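Visitor: The following block contains the structure, expressed as structure tokens.
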Amino acid sequence: MTFPEDPINNYPQGQRIKLFVDFKNAAGVAANPDTTQLEYIDGAGTKTTVLQASLTNPAAGRWEFQLQLPQDGDRAGAWSYRFEGTSAASSNVNAAAGQRFNVRPSPFYPPS
């Protein structure tokens, strides 16, 4: 997975953040894939998969997930996530997009 060269966002432990993706079809129009999922890897290297039923779809092509960052100091550090959408060939919405961010450690939530 490659990541854009944009600055990396930093969030404190315990904060709730919104992860999102905007899918488009081959014509560049916002469109929903048939299936969508999210995978993220936390600062400890643990991978979690979030299935479509747990994602929200507020507009065509837009998928979101509210992630509650843990207060566990062992999972601070670099996180990454990736949305993946797949469709039948006729709808032409097959794509993946990802990003990374940092979870800052806090003296209020020390490592265990």
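Visitor: Find out how many positive minus negative residues lie around Pro70, taking Lys and Arg as positive, Asp and Glu as negative, among other residues whose Cβ is under 14 Å from that of Pro70. Display every interim value, and only then the final one.
Guide: Numbers: positive: Arg16, Arg75, Arg104; negative: Asp42, Asp72, Asp74.
Summing Lys/Arg as +1 and Asp/Glu as -1 gives 0.
Visitor: Counting Lys +1, Arg +1, Asp -1, Glu -1, what net charge surrounds Ser54 among other residues with beta carbon under 13 Å of its beta carbon?
Guide: On the way: positive: none; negative: Glu39, Glu64.
With Lys, Arg at +1 and Asp, Glu at -1, the net is -2.
Visitor: Same structure, new question: Relative contact order for the chain using alpha-carbon pairs under 8 Å, separation at least 6, rounded to a whole percent?
Guide: Taking the mean separation of contacting Cα pairs over the length of the chain, I get 36 percent.
Visitor: Follow-up. Hey, with R₀ at 22 Å, roughly what FRET efficiency would Gln66 and Asp22 work out to, going by the Cβ-Cβ distance, to 0.05?
Guide: Once rounded, the FRET efficiency stands at 0.85.
Visitor: With no solvent and one point per C-alpha, what does the Debye sum give as log10 I(q)/I(0) for the chain at q = 0.13, 0.14, 0.17, 0.23 Å⁻¹?
Guide: Debye intensities relative to I(0), on a log10 scale: -0.53, -0.60, -0.82, -1.25.
Visitor: Then there's this: Taking 35 Å as R0, compute the FRET efficiency from the Cβ-Cβ separation of Asn9 and Asp34 and round it to 0.05.
Guide: 0.70
Throughout, read-outs are computed from the coordinates displayed, never taken from laboratory work. Bear in mind that the values here come from a model prediction, so they are computed numbers and not experimental data. Every residue, glycine among them, receives a Cβ derived from its backbone with ideal geometry; neighbour counts consider all protein chains shown.
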